[in-house]
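Asks: Pasting a structure here, questions to come.
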Amino acid sequence: MRKVGTRIPKVSQQIDSRQYIEGLGLKIERTTGGEFYLRCPFHADRSPSLCVSATKPIWWCHSCDSGGHLFKLGQLMRDPASQIVDHVGEVQPEQEMKYISSLKLEDYPSLPSARDLKYFFEHNISTRTVDRWGVKRTKLFIVFPVIMHSELNGLVLRSLIKEIEPRYQNRPTGFQRREYLYGHNMYEPTLTGMTIVTEGPSDCMRVWQAGFTSVVATFGGYVTEKQVELIKSLSSRTLLFFDNDEAGLRAYAKVGEILSLMGREVYVPDFTKYPEKGDPASLSDDVLEEVLAQPMSYLQYRIANAKKEFVMPFGRT
């Protein structure tokens with residue numbers, strides 16, 4: 001059991017841990033060595049990862065790396081985002097833009113982790129995954145490192161507020177994110193020989209977190225010739241996994257056609273199991289597994305959508 005550094009007031013020692021967590025509506029799965037184990041309510045927890053001391057009012061989740069006093073657990077249960085940082089309002093966009101305009105690759109290691117951002121909590125991405133992927137932040141931007149072959153090639157910044165456009169920006173100036181695949185450094189082939197391709201970094205991280213490690217992202221709903229070559233180098237079978245909305249459906253047609261013409265074996269999710277208007281980051285582990293387990297071929301998809309017209313050029317960088 002990981003210890004919490006802050007000293008617990010004497011009055012808090014009188015809390016009955018079992019009674020408290022059951023009062024929150026949480027179910028104890030097992031008791032081992034004076035500790036209660038239950039499924040963490042803050043992420044899709046397949047096995048009991050949240051540990052509560054039977055003798056002290058402290059808890060810790062071994063999956064999402066969150067924890068503290070039992071009172072904090074109660075507060076988070078009532079308002080999950082109450083202790084997740086939201087920096088909006090602390091700095092003016094003009095100040096932030098001035099700061100990031102000079103952001104360099106060598107500045108990346110000194111940036112703080114993005115593990116405390118509300119954005120990742122809302123996208124079902126754990127603090128452990130954020131740390132594993134090395135995602136950083138500034139006050140108003142998430143900083144995604146683009147790493148290939150152990151080399152940091154560039155930074156892709158995503159704005160946290162709508163007042164800053166474009167939402168995605170590249171650093172340093174001149175870096176072309178469309179020439180790379182996000183997640184290439186975290187990619188691990190699986191027995192299926194299938195490469196999963198998502199649109200954005202968050203979707204890629206969410207799919208990887210669910211156990212599907214052969215996943216990369218294209219930074220948008222289209223691919224460049226360079227990205228096609230990179231995808232081809234990973235495997236001969238590709239499963240496209242975009243948002244289930246109008247833009248996502250167009251992306252399935254465009255990217256699927258391009259990859260098919262390049263000799264790839266292309267698949268898309270079974271839309272009968274894909275929630276309407278859903279996106280990969282919003283799905284639970286169980287739904288992700290169901291959606292990805294038995295995809296349909298791109299040919300089946302085209303037949304089902306034969307009456308629709310799509311434009312299918314290569315995307316611009």
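The values are calculated or read from the model by the stated rules, or taken from the named source; none is laboratory data. Remember, predicted model here, so these are calculated numbers, not experimental data. Ideal geometry is used to build each Cβ from the backbone, glycine not excepted, and the neighbour counts take in all protein chains shown.
Asks: From (1) part of a helix (DSSP H, G or I); (2) of a type in the set (A, V, I, L, M); (3) under 19 Å from ALA293 (Cβ atoms), pick out the condition that doesn't hold for VAL266.
Replies: (1)
Asks: Tally time: how many residues in the stretch 115-168 are of a type in the set (Lys, Arg) and either within 27 Å of LEU230 (Cα to Cα) or in contact with a Gly (Cβ under 9 Å, 6 or more places away or on another chain) (or both)? So that I can check it myself, show each step before the final result.
Replies: Going residue by residue through the stretch 115-168, those that are of a type in the set (Lys, Arg) are 115, 118, 128, 132, 136-137, 139, 158, 162, 167.
With the extra rule that they be either within 27 Å of LEU230 (Cα to Cα) or in contact with a Gly (Cβ under 9 Å, 6 or more places away or on another chain) (or both), the set shrinks to 132, 136, 158, 167.
So the answer is 4.
Asks: A further question on this structure: Looking at the stretch 100-147 only, could you name the residues that are in a helix (DSSP H, G or I), touching a Cys at 6+ places or on another chain (Cβ under 9 Å) and not charged (D, E, K, R)? Steps first, please.
Replies: Let us first name the residues in the stretch 100-147 that are in a helix (DSSP H, G or I), namely 100, 105-110, 118-122, 127-132.
Narrowing the set further to residues that are touching a Cys at 6+ places or on another chain (Cβ under 9 Å) leaves 127-129.
Residues satisfying the conditions are THR127, THR129.
Asks: Within the stretch 251-259, identify whether any single residue is in contact with a Gly (Cβ under 6 Å, 6 or more places away or on another chain), at pLDDT below 95 and not in a loop (DSSP other than H, G, I, E, B), and answer yes or no.
Replies: Kept after step one, since they are in contact with a Gly (Cβ under 6 Å, 6 or more places away or on another chain), are these residues of the stretch 251-259: 251.
Imposing the further condition that a residue be at pLDDT below 95 reduces the set to 251.
Right, trim to not in a loop (DSSP other than H, G, I, E, B) and you get 251.
There is at least one residue in the stretch 251-259 that is in contact with a Gly (Cβ under 6 Å, 6 or more places away or on another chain), at pLDDT below 95 and not in a loop (DSSP other than H, G, I, E, B).
Asks: Taking the criterion of being of a type in the set (S, T, N, Q), surrounded by fewer than 17 Cβ atoms within 10 Å (Cβ to Cβ) and modelled with pLDDT of 90 or more, would at least one residue in the stretch 130-151 satisfy it?
Replies: First, pick out the residues of the stretch 130-151 that are of a type in the set (S, T, N, Q): 138, 150.
If we keep only those that are surrounded by fewer than 17 Cβ atoms within 10 Å (Cβ to Cβ) as well, we get 150.
Okay, now just the ones that are also modelled with pLDDT of 90 or more, so 150.
Checked against the condition, which is being of a type in the set (S, T, N, Q), surrounded by fewer than 17 Cβ atoms within 10 Å (Cβ to Cβ) and modelled with pLDDT of 90 or more, the stretch 130-151 yields at least one hit.
Asks: Would you check which residues across the stretch 25-53 are buried (at least 16 other Cβ atoms within 10 Å of the Cβ) and outside any strand (DSSP E or B) and list them?
Replies: LEU26, ARG39, CYS40, PHE42, HIS43, ALA44, ASP45, PRO48, SER49
Asks: Something else now. Cβ-Cβ under 9 Å, sequence separation 6+ or interchain: first residue in the stretch 44-69 and outside the structural domain of GLY34 (by TED's automatic domain parsing), partner at pLDDT 80 or above and part of a strand (DSSP E or B). Which pairs?
Replies: none
Here is a yes/no grid of residues against (1) out of contact with any Phe, Trp or Tyr (no Cβ under 6 Å at 6 or more places or on another chain); (2) surrounded by fewer than 24 Cβ atoms within 10 Å (Cβ to Cβ); (3) among the polar types (S, T, N, Q):
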position	(1), (2), (3)
GLY154	no, yes, no
ARG171	yes, yes, no
THR190	yes, yes, yes
THR213	yes, yes, yes
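Asks: Can you name every residue in the stretch 177-194 that is out of contact with any strand residue (DSSP E or B) (no Cβ under 7 Å at 6 or more places or on another chain) and part of a loop (DSSP other than H, G, I, E, B)? Show your work before the answer.
Replies: Kept after step one, since they are out of contact with any strand residue (DSSP E or B) (no Cβ under 7 Å at 6 or more places or on another chain), are these residues of the stretch 177-194: 178-179, 186, 188-192.
Within the stretch 177-194, GLU188, PRO189, THR190, LEU191, THR192 meet the criteria.
Asks: Here is a follow-up. Among (1) modelled with pLDDT of 95 or more; (2) surrounded by 22 or more Cβ atoms within 10 Å (Cβ to Cβ); (3) on the phi < 0 side of the Ramachandran plot, which single condition is ARG206 missing?
Replies: (1)
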